[in-house]
1. Count, please, the residues in the stretch 1-18 that happen to be within 20 Å of Tyr86 (Cα to Cα) and either of a type in the set (S, T, N, Q) or in contact with a helix residue (DSSP H, G or I) (Cβ under 7 Å, 6 or more places away or on another chain) (or both).
2. Of all residues in the stretch 55-71 being surrounded by 19 or more Cβ atoms within 10 Å (Cβ to Cβ) and touching a Lys or Arg at 6+ places or on another chain (Cβ under 7 Å), which is nearest to Gly100 (Cα to Cα)?
3. Looking at the stretch 13-42, which of the residues that are exposed (fewer than 10 other Cβ atoms within 10 Å of the Cβ) and more than 16 Å from the chain's Cα centre (by Cα) is nearest to Phe113 (Cα to Cα)?
4. Taking interchain pairs and intrachain pairs at least six residues apart, which have beta carbon atoms under 7 angstrom, with the first residue in the stretch 53-81 and touching a residue at least 60 places away in the same chain (Cβ under 8 Å) and part of a loop (DSSP other than H, G, I, E, B) and the second buried (at least 19 other Cβ atoms within 10 Å of the Cβ) and of a type in the set (S, T, N, Q)?
5. Within the stretch 80-101, restricting attention to residues that are among the aliphatic types (A, V, I, L, M) and at pLDDT below 95, which residue is farthest from the chain's Cα centre (by Cα)?
6. Does Lys51 count as of a type in the set (Lys, Arg), surrounded by 12 or more Cβ atoms within 10 Å (Cβ to Cβ), modelled with pLDDT of 95 or more and in contact with a Leu (Cβ under 9 Å, 6 or more places away or on another chain)?
7. I'd like to check something: does the stretch 97-105 contain any residue that is small (Gly, Ala, Ser), touching a strand residue (DSSP E or B) at 6+ places or on another chain (Cβ under 9 Å) and more than 26 Å from Asn39 (Cβ to Cβ)?
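The values are calculated or read from the model by the stated rules, or taken from the named source; none is laboratory data. Note that this is a predicted model, so its numbers are computed, not measured. When we count neighbours, we look across all protein chains shown, and the Cβ atoms used for this are built from the backbone with ideal geometry, even at glycine.
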Amino acid sequence: MSDSVIMDRVWPTIANREAIAVDHAWAGSPGMLYKTLMNDTVEVWAKPLPKEAVAVLILNTGLDNITLSLSLADDLPPNAAGAASYRSIWKHEDVPIAGGKIEMEMTAHDNVFAVLNHSGGAFL
């Protein structure tokens, strides 16, 4: 694979302004593994952000596609509870949350990077 093809594939990730903003935001912690689910094949990483927001990175470390239902109250950090939507960092869109659960399909080795914020606005 040529260098230009590789760069075309990775550039949207490494130049993602929202991901860079999460990286640069400081609210007392660089982030850490918060919880593992589904026999340790799903990892939930969390980083507190300013304005009581929280960034989460959900990783499917398994070899299978999965359907995941995350409870805001049980599976995500406490400051995520009560959020009505989350910001998908990779897709640059706001996704509604219904019934206090985030539901998603994930392929093997897939990830979802999101910011949950009660105010619904930017976290910075």
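1. 2
2. Top of the filtered list is Leu70.
3. Per the criteria, the residue is Ala15.
4. Hits for this filter: Ala53/Asn117.
5. The qualifying residue farthest from the chain's Cα centre (by Cα) is Ala98.
6. no
7. Checked the stretch 97-105: no residue is small (Gly, Ala, Ser), touching a strand residue (DSSP E or B) at 6+ places or on another chain (Cβ under 9 Å) and more than 26 Å from Asn39 (Cβ to Cβ).
Okay, residues lined up against (1) at pLDDT 95 or above; (2) assigned to a loop (DSSP other than H, G, I, E, B); (3) among the hydrophobic types (A, V, I, L, M, F, W, C):
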site	(1), (2), (3)
Val5	no, no, yes
Val10	no, no, yes
Thr13	no, no, no
Lys35	yes, no, no
